Amino acid sequence: REEKNRAVILVIDKSGSMREANRILYAQEAAKAVARQLKDNDLLGIVGFDVSPFVVVPLDRLGKLRGVINGQVDRLKPGGQTYFYPALVEAKRQIERANAPRKHIILLSDGETRGTQGELVDLVSVMKNEMKVTVSAVAIGADADVRIMKRISQYGGGLFHHTIDPTSLPEIVLQQL
């Protein structure tokens, strides 16, 4: 009997403000902690974003990724503005093809996003209701758009956390698993 696996995609803000208080370093540590926590047959993907999303680690079995995750995550460098929607669309695109009974997306951001609250709520609602994908949100710092991130997790069926202390990120993200 094969153990049930899960698919997790981390969506990490790498906008310029993530430079403050070394937030990007703590987000990177959170990603590495998730990789250490998951089993080899679990799937992990990492999407970085500013205005545009880009794949840091393509969604794949962790057993195949272990050797490259830390190096790929360390390539995230702060710069640019913040726009959640395209990054969440990219995460959705990757996770909808995943063969796993449990699917979860975790958004980490310290900023305010472009776009509308409606488009985000619609997107995460579809993921939760039609694709059985939960979406959690972790707001980092005092300037984070707490209101929209709460709504993302509420409509996405996931958890919401707000932290002023970026050193708590690895612990907070591990609670999402």
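The values are calculated or read from the model by the stated rules, or taken from the named source; none is laboratory data. Because the structure is predicted, anything quoted here is derived from the model rather than measured. Positions of Cβ are generated from backbone atoms using ideal geometry, with glycine treated the same way; all protein chains shown enter the neighbour counts. Note: accessible area is taken over every heavy atom of the protein model, side chains too, but ligands, DNA and RNA are not part of it. Shrake-Rupley method; radii C 1.70, N 1.55, O 1.52, S 1.80 Å.
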Evaluate the distance, in nm, between pseudo-label points positioned 7 Å from the Cα of R102 and of V55 along their respective Cα→Cβ axes. 2.5
Which value, in debye to the nearest 20, describes the size of the charge dipole of the chain about its Cα centre when Lys and Arg Cβ atoms bear +1, Asp and Glu Cβ atoms bear -1, and nothing else is charged? 580
Principal axis box of segment 58-133, alpha-carbon based, largest edge first, Å: 39, 34, 15
Taking Cα pairs closer than 8 Å and at least 6 residues apart, the relative contact order of the chain in percent is 26
Students often get this wrong, so try it: which of (i) 45; (ii) 20; (iii) 6 is percent of Cα pairs over 31 Å apart as calculated from the structure shown? (iii)
Carbon plus sulfur, as percent of the 1.4 Å-probe accessible area of the chain, comes to 47
Under Karplus coefficients 6.51, -1.76 and 1.60, residue-wise ³J(HN,Hα) of segment 154-170 in Hz, glycine/proline x: 4, 6, x, x, x, 9, 10, 9, 10, 10, 8, 9, x, 5, 7, 4, x
Could you give the distance between the Cα centres of segment 114-177 and segment 77-95, to the whole Å? 13
Cross-link candidates for K4: which aspartates and glutamates have Cα within less than 19 Å, leaving aside residues fewer than 8 places away along the same chain? D40, D42, D60, E96
Counting only heavy atoms of the protein chains, get the accessible area per residue of the chain (1.4 Å probe) and round it to a whole Å² value. 46
Lys/Arg Cβ at +1, Asp/Glu Cβ at -1, dipole of the chain taken about the Cα centre: which of I140, T163, L38 is farthest positive-ward? L38
Flagged as over-length at 19 Å C-alpha distance, from K92/K132; K39/K150; K39/K92, the pairs are K39/K150; K39/K92
Long-range amide H contacts for H162: which residues qualify at under 5 Å (H placed 1.01 Å from N, peptide plane, sequence gap of 5 or more or a different chain)? A139
Residue by residue, what Karplus-based ³J(HN,Hα) values in Hz, rounded to whole numbers, does segment 107-124 have, using 6.51, -1.76 and 1.60 with θ = phi - 60° and x for Gly and Pro? 9, 10, 8, 10, x, 9, 9, 6, x, 10, 4, x, 5, 5, 4, 4, 4, 5
Using amide H atoms built 1.01 Å from N in the peptide plane, name the residues 5+ places from V11, or on other chains, whose amide H lies under 5 Å from its own. V47, I106, L107, L108
Quick one: Karplus J couplings for segment 131-140, per residue in order, coefficients 6.51, -1.76, 1.60, θ = phi - 60°, nearest Hz, x for Gly and Pro? 10, 6, 10, 8, 10, 10, 9, 10, 8, 10
